[in-house]
């Protein structure tokens with residue numbers, strides 16, 4: 001808690017992470033500490049409740065979960081001034097296990113839910129129970145479904161099991177570090193070796209965790225409750241601390257990102273090699289960061305809406321001059337693989353189209369993505385954005401590709417497509433993304449691309465994705481306009497005019513309706529055919545119904561009334 005004093009002396013508000021070991025042998029013993037003096041000075045305490053220290057385990061063996069949870073609940077109720085509680089620490093790390101007893105994701109989740117229930121019952125629902133940080137770069141926890149011990153898979157499985165067991169993920173703790181004391185490592189994009197070559201090796205490992213958080217949890221607070229240089233703190237004002245807090249502030253400034261509420265330096269309350277309060281250089285670095293007057297983030301806007309006008313403000317993504325984006329679009333790109341030539345899969349440059357671009361007269365507010373003498377793969381992403389629950393969404397974008405050289409006739413082999421992630425995920429490589437077809441090597445004119453999907457909740461994410469094959473002088477993409485239409489099929493759309501219409505519903509090729517069945521839509525009756533494959537309208541058969549709907553050939557070409565009707569029939573049958 002010594003570091004809190006520096007925050008107070010600077011006239012700022014902040015956070016203080018306090019680790020406590022409760023044990024489980026006597027759940028009725030209560031210490032009842034008070035942290036009101038911190039609260040009165042603008043410091044918000046977060047207590048990390050541990051069963052004990054190595055080798056006793058951050059949580060006990062499963063037979064003692066109930067006793068540990070009871071002890072934690074009683075302590076939380078008796079503690080004055082603290083409403084934020086982390087259950088355990090780095091449960092995927094062997095050094096946090098009780099003896100040789102591994103803590104699998106479902107084990108941690110079971111203990112967490114017991115503790116959460118005890119805290120809510122004994123201390124009150126206003127207390128926030130926080131999921132423990134998972135150790136980055138750690139592969140100790142190998143189990144069926146995660147044989148490699150992947151820490152991100154462990155993280156995702158913990159969140160899944162908590163919810164499956166009836167618990168609530170209301171806040172998440174993270175840990176992130178650099179491997180060394182160079183301030184440049186804070187913003188380093190260096191990656192790990194195979195098989196984790198897509199993972200950050202330094203401070204930006206926090207972004208890997210953030211990308212794994214399910215879309216419907218992207219409103220919950222995230223706290224980075226440990227950060228350091230991995231090695232012993234050097235007594236020098238290197239700017240490392242300032243760079244770390246600047247990185248978090250930049251992250252929170254990006255449009256539609258899940259906010260990080262806390263970054264806690266490790267550590268100021270226990271005298272070991274990571275204790276920094278006696279180091280004048282590190283203290284000066286921290287005090288300089290405090291002087292920047294960073295503010296707590298605002299609550300995330302849970303009603304983000306799509307904007308395809310390209311009329312928003314221009315901002316610097318990650319503060320970099322070559323990444324100029326028109327709000328609210330964000331960039332993404334693919335990194336080169338080990339051994340690739342220097343020209344392959346370079347990070348593209350982003351910026352508004354300028355007067356020197358040949359298409360500026362046609363679309364004066366275009367977003368340009370490009371790289372000279374190199375190939376690149378990536379594009380633009382917007383989302384997650386709010387749509388009606390279960391809506392049918394159509395994303396359309398007007399794009400222009402240009403390629404070539406001042407001398408010669410070589411071209412870059414450009415391809416472009418658009419996509420929709422109906423889950424609201426933000427990974428363009430996810431299997432859930434529904435893509436349009438490729439616009440293949442069509443240059444020097446505006447083309448419209450369209451993708452359609454069924455929202456799986458109330459949010460979707462859209463992508464404009466481009467790849468280039470050859471490193472010619474210029475490989476450019478322009479986005480001139482985009483539109484996202486969302487049609488709720490909860491209410492019947494306008495039906496076709498004139499008479500009754502007949503529907504046959506089949507599942508996996510088998511007719512699933514026998515006998516009379518009808519649905520009234522605005523006075524028009526639809527009934528199943530007895531011997532007809534697919535949907536029958538005055539124009540004849542349209543499609544054979546399958547499951548899920550998006551996999552039905554021709555589904556997106558059906559009129560809205562037909563899609564709505566088929567969904568109602570399947571709901572009546574209990575399939576949705």
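Across region 252-290, what is the total count of residues that are modelled with pLDDT of 90 or more and either assigned to a helix (DSSP H, G or I) or assigned by TED's automatic domain parsing to the domain that holds residue 319 (or both)?
11
Condition check: assigned by TED's automatic domain parsing to the domain that holds residue 445, surrounded by 15 or more Cβ atoms within 10 Å (Cβ to Cβ) and at pLDDT 90 or above. Does residue 348 satisfy that?
When the stated conditions are applied, residue 348 passes them.
Does residue 339 qualify as being surrounded by fewer than 18 Cβ atoms within 10 Å (Cβ to Cβ), in a loop (DSSP other than H, G, I, E, B), touching a strand residue (DSSP E or B) at 6+ places or on another chain (Cβ under 6 Å) and modelled with pLDDT under 90?
Spelling it out, it is not the case that residue 339 is surrounded by fewer than 18 Cβ atoms within 10 Å (Cβ to Cβ), in a loop (DSSP other than H, G, I, E, B), touching a strand residue (DSSP E or B) at 6+ places or on another chain (Cβ under 6 Å) and modelled with pLDDT under 90.
Return the only residue of 223, 206 being in a helix (DSSP H, G or I), at pLDDT 90 or above and closer than 25 Å to residue 107 by Cα.
206
Would you mind listing the strands (runs of 3 or more DSSP E) fully within region 13-87 where at least 3 residues are modelled with pLDDT of 95 or more and surrounded by 22 or more Cβ atoms within 10 Å (Cβ to Cβ)?
43-50, 84-87
What strands (runs of 3 or more DSSP E), lying completely within region 442-507, carry at least 1 residues that are at pLDDT 55 or above and either touching a strand residue (DSSP E or B) at 6+ places or on another chain (Cβ under 6 Å) or farther than 30 Å from residue 355 by Cα (or both)?
Qualifying strands (runs of 3 or more DSSP E): 447-454, 459-467, 474-487.
The values are calculated or read from the model by the stated rules, or taken from the named source; none is laboratory data. It should be emphasised that the depicted structure is a prediction, and the values quoted were computed from it without experimental measurement. Glycine also receives a Cβ, built like all others from the backbone with ideal geometry; neighbour counts cover every protein chain displayed.
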